[in-house]
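Notes for the one structure printed next.
The values are calculated or read from the model by the stated rules, or taken from the named source; none is laboratory data. Please read these numbers as outputs of a predicted model, since none were measured by experiment. Don't worry about glycine lacking a Cβ; one is built from the backbone with ideal geometry, like all the others, and counts go over all protein chains shown. The area values use the complete protein model at the heavy-atom level, side chains included, leaving out ligands, DNA and RNA. Shrake-Rupley method; radii C 1.70, N 1.55, O 1.52, S 1.80 Å.
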Amino acid sequence: MKNTHLLSILFGMIIFFASANDAYSQRRGTKKRPTERDRTERNERNQRQSEFQSLPFKDRLWYGGNLGLGFGGNQIQSQFFAGIAPMAGYKITPDWSVGPRVEIEYFDIRSRISGARNSFVLFGASAFTRYKLFFDLFLQVET
């Protein structure tokens, strides 16, 4: 009997809080009237966007990439790595870019015990999208 009563109180509290949260999320706030500063900022943003839209294709391209070089080892093996990954981006907006990236990596692994040596080259390609958050900080997603 006690457990049933406790469960019904718990169930009632869950229903109450779930419905209270839903009701609150439907409430409408008051709309803030734009100030002169808001209108000025919006006009400046629109002007920068229209100037950007008029840029030719070649001025929207940018280039970059990565270089890699690594050495390592222990008493069993030694390792060497070298790689290059160039990329080219196209600016869709001043802050958002898309483009391709290719990579070539060389690995050399030598066994100090048996003297065996394995070396191989890896090739790869991917597409990316990048969004500049502020200054030189950006968020990039690659496939």
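Quick notes on this one:
- Between K132 and Y106, the simple label model (points 7 Å from Cα in the Cβ direction) yields a spacing of 3.5 nm.
- Reachable aspartates and glutamates, given that their alpha-carbon falls under 17 Å from the alpha-carbon of K32 and they are not under 8 places away in the same chain: E41
- Accessible area of D59 in the full protein assembly, 1.4 Å probe (Å², nearest 10): 80
- Each residue, F123 and Q79, gets one label point 7 Å from its Cα in the Cβ direction; the gap between the two is 2.4 nm.
- Heavy-atom accessible area order for W96, W62, largest first, 1.4 Å probe: W96, W62
- Overall form of region 61-137 per C-alpha gyration tensor (a/c, 1.5; a/b vs b/c): prolate
- Bridgeable aspartates and glutamates around K91 (alpha carbons under 20 Å apart, same-chain partners fewer than 8 residues away excluded): E44, E51, D59, D136, E142.
- Computed accessible area, R42, all protein chains, 1.4 angstrom probe, square angstrom: 100
- With all protein chains kept in place, the per residue accessible area of region 59-143 amounts to 71 square angstrom at a probe of 1.4 angstrom.
- Of the whole protein surface, I9 contributes about 80 Å² of accessible area at a 1.4 Å probe radius.
- Seen from E36, the other residues with C-beta closer than 14 Å to its C-beta sum to a net charge of +2, counting Lys and Arg as +1 and Asp and Glu as -1.
- Summed side-chain charge close to A125 - residues other than A125 whose Cβ falls under 12 Å, Lys, Arg +1, Asp, Glu -1: -1
- What a 1.4 Å probe finds exposed on region 23-115 is 54% carbon and sulfur by accessible area, rounded to a whole percent.
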